[in-house]
1. Can you give me the C-alpha center-to-center distance between the range 390-451 and the range 84-98, rounded to a whole angstrom?
2. Rank VAL182, SER273, LEU430 by how far each Cα sits towards the positive end of the charge dipole of the chain (+1 on Lys, Arg Cβ; -1 on Asp, Glu Cβ) and give me just the farthest.
3. Suppose every Lys and Arg Cβ carries +1 and every Asp and Glu Cβ carries -1, with no other charges. What dipole size does the range 225-369 come out with about its Cα centre, to the nearest 20 debye?
4. Any idea which of ALA81, VAL226, ILE417 is furthest toward the positive side of the dipole for the chain, if Lys and Arg beta-carbons carry +1 and Asp and Glu beta-carbons -1?
5. If each residue's Cβ is checked for other Cβ atoms within 10 Å, how do TYR21, TYR262 rank with the fewest at the top?
6. I'd like the distance between the alpha-carbon centres of the range 18-78 and the range 205-231, rounded to an integer number of Å.
7. With Cβ to Cβ distances under 13 Å as the rule, what net charge do the other residues near LEU133 carry (K, R +1; D, E -1)?
8. With no solvent and one point on each alpha carbon, what is the Debye value of log10 I(q)/I(0) for the chain at q = 0.05, 0.07, 0.10, 0.11 Å⁻¹?
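Derivation of every value follows stated rules applied to the coordinates shown; laboratory data play no part. Just so it is clear, the structure is predicted and the values come from calculations on it, not from any experiment. Positions of Cβ are generated from backbone atoms using ideal geometry, with glycine treated the same way; all protein chains shown enter the neighbour counts.
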Amino acid sequence: MSSSYSRSASKNIDWLLVFLYALLVAIGVLCIFMVEYNPATFSADSFFNGNTNYSKQILFSGICIVVATFIILSDSKLYPAFANLLYVFGILLMLSVFVIGKDINGSKSWIPLGGGFNLQPAELCKVFAALALAKYLSQLNMDFTKLQSQFIAAVLALSPALISILQNETGLALVYMSFFVVMYREGLPGMILVIGFSFGALVVATLLVEKNTLAIILTLLAAFIVFALRRQIFVRKRWNIFILIISVWVFCVGIQRFAVPYIFNNVFECYQSQRIYSAVGKDYDCSQNKHAQQSEASSGKAAVKPDDYNVRQSKIAIGSGGFLGKGFLKGTQTRGKYVPEQHTDFIFTSLSEAFGFVGSFLFLGIYFILLFRIIQVAERQRSVFSRVYAYSVASILFFHIAVNVCMTVGLFPVIGIPLPLVSYGGSSLLTFTIMLFILIRLDADRQMVLR
């Protein structure tokens, strides 16, 4: 690689994104250190010996710096050229987990690399799916108003999600839903998103409201709509409107009375149903769960409702931080190891306890600036490929941040979503590094049209 190309490659780099990336990675190492710090055994060597999680995260960070530098010095044309090939490679890598995969915490979605390190292909495939979607939507004469185009885009986005579900990684599977926000930006009808959000609201209402009461509410709502449109239906004889209203009513009542209870009692495991019920302040009866019943029959022990210990301890840790926090390395919940998985899924609690509401607000402000900057970067691209990819990055980051923070305060079920660039984990850090620096590389050539 010539020195002239290296200089041109770094000429238009968005250094604000690079700075925000480095800041978040440093905060992540700091938070992991707070979780593991023990004054009785601590030594300066622990930062470099690879025996602690924060030393491993520093090692991961060093590897990511090398990867980021390589991406910055690469040619932007490589990414649209190899997008489809990388997507196929990612799918094959995910499928290989079923043969050579390793089970960690009940999820067989990891490939052992040796030396205690593991790779989670579902994480890396997010980058490949974003590139493939950008490649597809940037084709010449692309008409995204056609149902066929929308279907192909949905298949590209949801195929890795389906494999993730089969690997018992429902949390990562949900992340792929964020691609629909990108599709909306590129012309997906807003009605599809409205239908999606309405379906989600119906499911939540099913959990909150007694089933007969909710059925009556839905019936009264349908009757009100028919009354409001009575002139169009009965005077102008537009019976198709009446049929549509009745069909939607039948569908909604069927969902709340039969489909939702069936899924919670027969498809989900007892602990999964309990987590979702806990998120809306309800208790789930595990005696109704098919999997719990089978476990009870084989073990002879009654089904026991899973405890929401993680979330309760997380709330205590966040609440104990108060307005200004207890101070660096002074968090009693963090020092006492009361919050499980505090260095990964619940890393936000260590920061909140140490620096309180003010520190948490400033920390989330960094994420807000990062997301806002990525959207600015997206909108200044000449290339559809670069714009779609940028919005994919923003959507994935937003989903991870929102779900993880809501998860720690009990507003969302615990589904194992890491906090981007902060939670411990080589696969997660490498994925977000590759994802962000490909965007930075594409933005450096923003005047170029890529396909």
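1. 20
2. VAL182
3. Numbers: 17 positive and 9 negative charges, 170 e Å.
Dipole about the Cα centre, nearest 20: 820 debye.
4. VAL226
5. On the way: TYR21 20, TYR262 11.
Listing TYR21, TYR262 from fewest to most nearby Cβ atoms yields TYR262, TYR21.
6. Between the Cα centre of the range 18-78 and that of the range 205-231, the gap is 53 Å.
7. Values: positive: LYS126, LYS135, ARG185, ARG387; negative: GLU186.
Around LEU133, the surrounding residues sum to +3.
8. The calculated log intensity ratios at q = 0.05, 0.07, 0.10, 0.11 Å⁻¹ are -0.21, -0.42, -0.84, -1.01.
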